[in-house]
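The structure appears below as structure tokens.
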Amino acid sequence: MHIRGDHAELVVGGRLDVRSAADARTVLHSALDAGRGDLVLDLTELDSWDATGLGVIMGAHRRAGRTGRRLVLRGVPDRMQRLLVATRLHRILAIEGGIEAESLPRV
């Protein structure tokens, strides 16, 4: 997993899973604590995430709210969009462009 960016926008790539969760959490929390306004999390380079990785995203979402910020997901890959819809998290998370459950391809 790799994360690059600053306190306004981060690009996450590779795998966000149990092995990378602690590092990702540290970077996300630091970015949230250091900035103002929306923190955009660009997921276009993300290959996969597991339940732990999704938990990191949700934790960052909660921390953003506590710091008066908003976590915004950008470029969520289709397969990950399906997971957000299945768990109904697409209703809670701010997703650039939104996710329409009916428009997602079925697998």
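The values are calculated or read from the model by the stated rules, or taken from the named source; none is laboratory data. Predicted model, so just to flag it, every value in this text is computed and none were measured. Positions of Cβ are generated from backbone atoms using ideal geometry, with glycine treated the same way; all protein chains shown enter the neighbour counts. Surface areas here come from the heavy atoms of the whole protein model, side chains and all, with no ligands, DNA or RNA. Shrake-Rupley method; radii C 1.70, N 1.55, O 1.52, S 1.80 Å.
Can you give the relative contact order of the chain as a percent, counting alpha carbon pairs under 8 Å and 6+ residues apart?
Result for the chain is 25 percent.
Using a Gaussian network model on the chain with a 10 Å cutoff between Cα atoms, which of A60, A86, A22 fluctuates the most?
Among A60, A86, A22, the largest mean-square fluctuation in the Gaussian network model of the chain belongs to A86.
Please identify the trypsin sites (Lys or Arg not before Pro) of segment 8-94 that satisfy two criteria: DSSP loop assignment and at most 15 other Cβ atoms within 10 Å. Which are they?
R19, R36, R88
Mind checking the dipole of the chain: about its Cα centre, +1 per Lys or Arg Cβ, -1 per Asp or Glu Cβ, Debye to the nearest 20?
Result for the chain is approximately 420 debye, rounded to the nearest 20.
What is the diffusion coefficient of the chain in µm²/s, taking the Kirkwood radius over Cα pairs and the Stokes-Einstein relation at 4 °C with a viscosity of 1.567 mPa s?
Stokes-Einstein gives a translational diffusion coefficient of 94 µm²/s.
Leaving out ligands and nucleic acids, note down the accessible area per residue over the chain with a 1.4 angstrom probe, in whole Å².
55
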